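The values are calculated or read from the model by the stated rules, or taken from the named source; none is laboratory data. Note that the coordinates shown come from a computational prediction; the quantities given were computed from them, not determined experimentally. Heads up, the Cβs are rebuilt from the backbone with ideal geometry, glycines too, and the neighbour counts pull from every protein chain shown.
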Amino acid sequence: MNRYSVWKYLAIALVLVVSALYALPNLFGEDPAVQVSSTRGSTVDESLRVRAEGLLKGAELPYASVQIEKGLLLARFRDTDTQLKANDLLRESLGNEFVVALNLAPATPAWLTALNARPMYLGLDLRGGVHFLMEVDMDAAVRMAEERYVNDIRTLLREEKVRYQQVGKRNGGGLEITFRSAEDRDAAEKLIAKEFSSLIVEAAREGAAINLSLGEKEMLEVRNLALQQNITTLRNRVNELGVAEPIIQQQGASRIVVQLPGVQDTARAKEILGATATLEFRLVDTGHDVQDAVAGHVPAGSRLYYERKGSPVLLDRRVIITGDSVTDAASGIDHTDGSSAVFVTLDGKGAKRMSTVTKDNIGNPMAVVFMETKTETAMVDGEPVKTKKKIEEVISIATIRDQLSKRFQITGLESSKEARTLALLLRAGALSVPMEIIEERTVGPSMGAENITKGFNSTLIGFAAIAVFMGIYYLFFGIISSLALFVNIVMLIAALSMLQATLTLPGIAGIALTVGMAIDANVLIFERIREELRNGNSIQASIHSGYDRAWDTIFDSNITTLIAGFALLWLGSGPVRGFAVTLCIGIVTSMFSAVMVSRAMVNLIYGRRKLTKLAI
């Protein structure tokens, strides 16, 4: 009657073994580490590893290991003091070639890592880290959109042979176009209304001119797009810091919340996140001498730029397209000569503009200009003063081989690594607008460790109190329920680790609540068994009835709680979702452990025996 089939015992044993394996990595903690990642034009390879080891040995800084992991160089140390010294040494020695940042690396043994067993990610409140609130410059986004319209309208009027005097931006916002006659103005007004329906066209009060402004719908779309582009850019930049499970989400209409658990180097995080990146495509001015421009004689229609290695380049002032027009980019190989290339896809407006310009410039070189704006804060007379520093460099020059349109390729790159980096910038980094960090909070590792200790102790005390009570009240069956409860905790931790969920302080509260709720199922089962015994049933029949008849009540009560958990998961955000995840997983594991695991133990102990008394 109270016996399981062999396959059921084997299935339960398999679940327990897998749970133990995948929960185990959480016991090994983390090592203080220094992480080195590549920037444009640099590569993390074996030579860099040997170089880093030599630097650490030369400075007599003991390290646990220096290895290349997932394309990053990771130097592990035994203590944070050595980690900080190594960070300063590597940053000074490697210069701007690489990004050097402090980090915490999991100390999971290699044999567990080979099984893809990894510890849970810890949230900001448990691991420590930094919290930034960043505000997007929406006015800059609108100005950039207006600048694009200026170029597009000029091109349109030239193509349709409509004469104009000037196309420019107004001081109070919007565009203004002046004409020589009212006839030209009327023709342009009809043309613009047809081609750019999202613009509001108004006749100027005086003279042959029209004023243009972005409509409310267009302006809202521009701002939303700028915000989403910045979020995408931040996610790619956070990858340079190697942060596990960062939180990057929109807050309000113009702000972005960034939480980086485990990041100890706040200054480095600010430097990487605070920079803004844009790209521009320009023709190279081959008609003038670049050395004359270096000497100070820059032609009126050109601008002097420099490649990242310092070589001067003279470019046309007119911008062909910006990164806003790029919808997709992927690195690959140029089939003609086997060199590295980036394959670019443009939107409709960008494709039209690129086709028009390249049609007349086949055989001429075209440059890609990378621009970065960083906000730096300096103390002047005791007051913080923010200044913006703009970096402009030519990252690629390639010859136009044919008339380009929606899809084309950029060649002339040094390596496949550079091609991948450029493709990444084109896809995401090129489409951001300036941002400013308006709020910053740092949670120290010691505070995170204190939160973990308190959360662990509260769960341990709760478990111990329940185990003592169940042992006293239900005797040997109470011990079985305590073992099942321990199995439930192991399974819950294993599930969170396998899903690579982020554990936060509310998540620990969810675990503690699950411990309390999980024992309810065993209480229902044991009370049902006692009731059957009082009614005069045999011991084996009472055990069987206790588990079978209590199941409906256990299922109903847990399903209603699970529905509430799913509602929190669906409608909640941040800490509420962290609580809901642990609660939902805990309900599922508790139903398995309280019913399947505890009954398997009872069946093994009592199932084949003739009993005259039951310790319950």
Subset of the range 486-529 that is under 18 Å from A550 (Cα atoms) and of a type in the set (V, I, T) - its residue that is nearest to the chain's Cα centre (by Cα) | I519
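For every residue, the table says whether it meets (1) surrounded by fewer than 16 Cβ atoms within 10 Å (Cβ to Cβ); (2) under 18 Å from S481 (Cβ atoms); (3) within 29 Å of the chain's Cα centre (by Cα).
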| position | (1), (2), (3) |
| --- | --- |
| W551 | no, yes, no |
| N558 | no, yes, no |
| F566 | yes, no, yes |
| L571 | yes, no, yes |
| V576 | yes, no, yes |
| C584 | no, no, yes |
| T589 | no, yes, no |
| V595 | no, yes, no |
Log entry, pairs with first residue in the range 145-157 being within 16 Å of E221 (Cα to Cα), second being surrounded by fewer than 19 Cβ atoms within 10 Å (Cβ to Cβ), beta carbons closer than 6 Å, six or more apart or on different chains, reads E146/K169
Taking into account only those residues within the range 57-75 that are without any contact (Cβ under 8 Å) to a residue 24 or more places away in the chain, part of a loop (DSSP other than H, G, I, E, B) and more than 24 Å from the chain's Cα centre (by Cα), which is surrounded by the fewest Cβ atoms within 10 Å (Cβ to Cβ)?
-> E60
Counting only residues that are under 27 Å from A449 (Cα atoms), in contact (Cβ under 8 Å) with a residue 40 or more places away in the chain and of a type in the set (D, E), how many does the range 76-123 have?
-> 1
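Each row is one residue, and each column tells you yes or no for (1) aliphatic (A, V, I, L, M); (2) farther than 28 Å from T155 by Cα.
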site: V298; (1), (2): yes, no
site: E307; (1), (2): no, yes
site: P312; (1), (2): no, yes
site: R317; (1), (2): no, no
site: A330; (1), (2): yes, yes
site: G338; (1), (2): no, yes
Residues located in the range 17-39, provided they are surrounded by 17 or more Cβ atoms within 10 Å (Cβ to Cβ) and part of a helix (DSSP H, G or I) = S19, Y22, A23, L24, P25, N26
Per the list (1) closer than 23 Å to R317 by Cβ; (2) under 39 Å from the mean Cα position of the chain (by Cα); (3) surrounded by fewer than 18 Cβ atoms within 10 Å (Cβ to Cβ); (4) not basic (K, R), residue check on Q165 breaks on (2)
Read through the list (1) of a type outside the set (S, T, Y); (2) surrounded by fewer than 24 Cβ atoms within 10 Å (Cβ to Cβ); (3) not in a loop (DSSP other than H, G, I, E, B), then give the number of the only condition that I525 fails.
-> (2)
Test result for V319, modelled with pLDDT of 80 or more, assigned by TED's automatic domain parsing to the domain that holds R401, of a type outside the set (S, T, Y) and within 30 Å of E221 (Cβ to Cβ) = yes
Check the range 124-133 and report whether any residue there is over 30 Å from M498 (Cα atoms), touching a strand residue (DSSP E or B) at 6+ places or on another chain (Cβ under 6 Å), β-branched (V, I, T) and crowded, with 20+ Cβ neighbours inside 10 Å.
-> no
Between a first residue in the range 305-317 that is part of a strand (DSSP E or B) and a second residue that is surrounded by fewer than 13 Cβ atoms within 10 Å (Cβ to Cβ), which pairs have beta carbons less than 6 Å apart while being 6 or more apart in sequence or on different chains?
-> R317/G301
Going through the range 177-195 one residue at a time, which ones are crowded, with 16+ Cβ neighbours inside 10 Å and not in a helix (DSSP H, G or I)?
-> I177, T178, F179
For the range 285-310 the number of residues that are closer than 15 Å to F370 by Cα and surrounded by 11 or more Cβ atoms within 10 Å (Cβ to Cβ) is 6
Top-ranked residue in the range 414-454 [being more than 30 Å from A140 (Cβ to Cβ), outside any helix (DSSP H, G or I) and not aliphatic (A, V, I, L, M); ranked as modelled with the highest pLDDT] | S415
Among the residues of the range 459-474, count how many are modelled with pLDDT of 85 or more and closer than 27 Å to P32 by Cβ.
-> 1
Out of all the residues in the range 499-521, is one or more surrounded by fewer than 15 Cβ atoms within 10 Å (Cβ to Cβ) and part of a loop (DSSP other than H, G, I, E, B)?
-> yes
Spot the failing condition for R163; the list is (1) modelled with pLDDT of 80 or more; (2) of a type in the set (K, R); (3) part of a loop (DSSP other than H, G, I, E, B); (4) out of contact with any Lys or Arg (no Cβ under 9 Å at 6 or more places or on another chain), and only one is missed.
-> (4)
If you check every pair at least six apart or on different chains, which have Cβ atoms under 6 Å apart with a residue in the range 460-472 that is under 13 Å from V515 (Cβ atoms) first and a residue that is hydroxyl-bearing (S, T, Y) and part of a helix (DSSP H, G or I) second?
-> A467/S482; M470/S481; M470/S482
Residues of the range 576-590 that turn out to be over 14 Å from V515 (Cβ atoms), of a type in the set (A, V, I, L, M) and at pLDDT 85 or above, as a count | 3
Within the range 530-541, is even one residue surrounded by 23 or more Cβ atoms within 10 Å (Cβ to Cβ) and more than 39 Å from the chain's Cα centre (by Cα)?
-> no
If Q500 passes every condition in (1) touching a residue at least 60 places away in the same chain (Cβ under 8 Å); (2) in contact with a helix residue (DSSP H, G or I) (Cβ under 7 Å, 6 or more places away or on another chain) but one, which one does it miss?
-> (2)
Members of the range 318-377 that are surrounded by 21 or more Cβ atoms within 10 Å (Cβ to Cβ), assigned to a helix (DSSP H, G or I) and of a type in the set (G, A, S) | G323, S325, G350
